[in-house]
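The values are calculated or read from the model by the stated rules, or taken from the named source; none is laboratory data. Computed from a predicted model, the values in this text were never measured in an experiment. Reconstructed Cβ throughout: ideal geometry from the backbone, glycine too, with neighbour counts over all protein chains shown.
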Amino acid sequence: MKLPRRNRWIAAALGALCLFGTAHAQPAGKVRIAVVTPLTGPLSVVNGPGQNAARMLAEAINKGELPAPYNTGKGFGGREIELVFLDENGGNAKQVAEFRGLVERQGADVVMGFGSAATCLAVAPVAEELKVLTVMSTCATPRIFEDGKYEYVFRTTGTTTMDSVALALYAQARMPQAKTVGHINPNYALGQDAWRDFSAALKALTPGITVVAEQWPTPGAGQYSAEISALASKRPDILHTSMAGADLEAFFTQMRPRGLHEQSKIYAPLLELSMYRMGTQLPDGVVFTARGTNGLFAPASPLNDWFITAYRGRFKDTPVYTAYQYTNSLLALKAAYDSAAKAGSTATPAVIKALKGRSIVTPSGTIRLALGNGHQAIQDMAVGEAFFDTEKKTVSVRNVVRFPAECVNPPEGVKSEAWLKDGMAGRKCDGVVASK
């Protein structure tokens, strides 16, 4: 049927408009990102740097002020980003209900953050149900992707397994004479996972080492005199603790007069979150990590230089690894959104496709989403001894050893616990670097 001339003109104009819209898609509205992190309670201190970094990065992203390789324009694929914060407190049921509220009532396009392993385990299935892109920034239990398979859930940080294996390798290299080990770990998911993995790795690397003391205080207990007495009586060569924040600071303050740090070498993977506040009160030579190559372990690069300078300039503080973790999550999202925009769409499925299996350049080096079917990050790992540098009047690190990511993580498809029991078969440790 032949259309009237006016209708033919309208049809042609609409066709041209559609064609133009396809070839030159305009950015959609803002990307609303909900950041779930402890804003109150004992964990707020250790996660506060993550909140700070997220705000700082979001502003730089929206202004297009990031250095290479993220000097690709403003926003996420041209879309302005907006952060909303939610306090991660109150237990799993409350967190699940509030997660639903963020998506269903507040319209979150992305949810990120999460400091608690228990929260991560609880919300992951809900993220799948709601089909919302969820990026876990801090929680470290390996069970997320080892016990589940997810399309919408990613994690841009390593696991407690990575921490534990690196610490055990460090102990093997620097304390080959060690015969006994003890621990004081908080009695919740993180503490249980950390001790399970560290003890398994240590036993695999040092046959014959004996566990002589185990203490499981309640998180937030604050008083540790009974535990300190029990540990002091057993005098383990190595003492492992995954306590963090105020708990770790209280433990150190109470054990120093008893000389526990002088009779046992302390391995504290989460020390970095407290050591700057402790300053001169920090026990000398505590072995620690920063869940990857974050903080003092971060490799020199223009991106890291920018990050440290910007963070110190704004917050008058040194960024610890939680600041790096939240930064890395936002940079991973920017890389994925920018890539998806170039391909023609920043809808969630397109962003997920761009993020899956991606290598991400960050201030802490390159992170690879190599496990969990392309959803779980691995990165190189560093371990060292903390000390207070009297000349520089700040906490520093010595005797650093760097391990390749494949040396401290299980292969794809292998569960951490089984890998550790099997003696960490297949680990690739070529390229280990030690420095003073």
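The table that follows gives values for the structure above.
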| item | result |
| --- | --- |
| Subset tally (residues that are within 23 Å of Cys139 (Cβ to Cβ) and free of Cβ contacts under 8 Å to residues at least 24 places away in the same chain) for the stretch 162-212 | 1 |
| Criterion: loosely packed, with under 14 Cβ neighbours inside 10 Å, over 24 Å from the mean Cα position of the chain (by Cα) and either at pLDDT 95 or above or in a helix (DSSP H, G or I) (or both) - qualifying residue of Ala11, Ala68, Ala97 | Ala11 |
| Test result for Glu391, surrounded by fewer than 23 Cβ atoms within 10 Å (Cβ to Cβ), without any contact (Cβ under 8 Å) to a residue 60 or more places away in the chain, assigned by TED's automatic domain parsing to the domain that holds Arg196 and part of a helix (DSSP H, G or I) | no |
| Sole residue being among the hydroxyl-bearing types (Ser, Thr, Tyr), touching a residue at least 60 places away in the same chain (Cβ under 8 Å), surrounded by 24 or more Cβ atoms within 10 Å (Cβ to Cβ) and farther than 26 Å from Ser301 by Cα, chosen from Thr322, Thr327, Thr346 | Thr346 |
| Test: residue in the stretch 323-332 that is among the polar types (S, T, N, Q), within 18 Å of the chain's Cα centre (by Cα) and modelled with pLDDT under 95 | no |
| Check on Tyr224, in the same structural domain as Leu333 (by TED's automatic domain parsing), buried (at least 16 other Cβ atoms within 10 Å of the Cβ) and at pLDDT 95 or above | no |
| Test: residue in the stretch 87-109 that is closer than 28 Å to Ala340 by Cβ, of a type in the set (Val, Ile, Thr) and touching a strand residue (DSSP E or B) at 6+ places or on another chain (Cβ under 6 Å) | no |
| Residue check for Thr280: under 19 Å from Asn71 (Cβ atoms) and either part of a helix (DSSP H, G or I) or in contact (Cβ under 8 Å) with a residue 12 or more places away in the chain (or both) | no |
| Filter result (buried (at least 22 other Cβ atoms within 10 Å of the Cβ) and outside any helix (DSSP H, G or I)) within the stretch 164-181 | Val181 |
| Of residues in the stretch 150-163 being surrounded by 24 or more Cβ atoms within 10 Å (Cβ to Cβ) and out of contact with any strand residue (DSSP E or B) (no Cβ under 9 Å at 6 or more places or on another chain), the one modelled with the lowest pLDDT | Thr160 |
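Per-residue answers, yes or no, for (1) acidic (Asp, Glu); (2) assigned to a helix (DSSP H, G or I); (3) within 20 Å of Cys139 (Cβ to Cβ); (4) within 17 Å of the chain's Cα centre (by Cα):
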position: Lys342; (1), (2), (3), (4): no, yes, no, no
position: Ile367; (1), (2), (3), (4): no, no, yes, yes
position: Phe387; (1), (2), (3), (4): no, no, no, no
position: Arg402; (1), (2), (3), (4): no, no, no, no
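Residues checked against (1) within 30 Å of Val361 (Cα to Cα); (2) part of a helix (DSSP H, G or I); (3) touching a helix residue (DSSP H, G or I) at 6+ places or on another chain (Cβ under 7 Å); (4) not aromatic (Phe, Trp, Tyr):
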{"residue": "Ala194", "(1), (2), (3), (4)": "yes, yes, yes, yes"}
{"residue": "Glu249", "(1), (2), (3), (4)": "no, yes, yes, yes"}
{"residue": "Gln254", "(1), (2), (3), (4)": "no, yes, yes, yes"}
{"residue": "Ile266", "(1), (2), (3), (4)": "no, no, no, yes"}
{"residue": "Pro299", "(1), (2), (3), (4)": "yes, no, no, yes"}
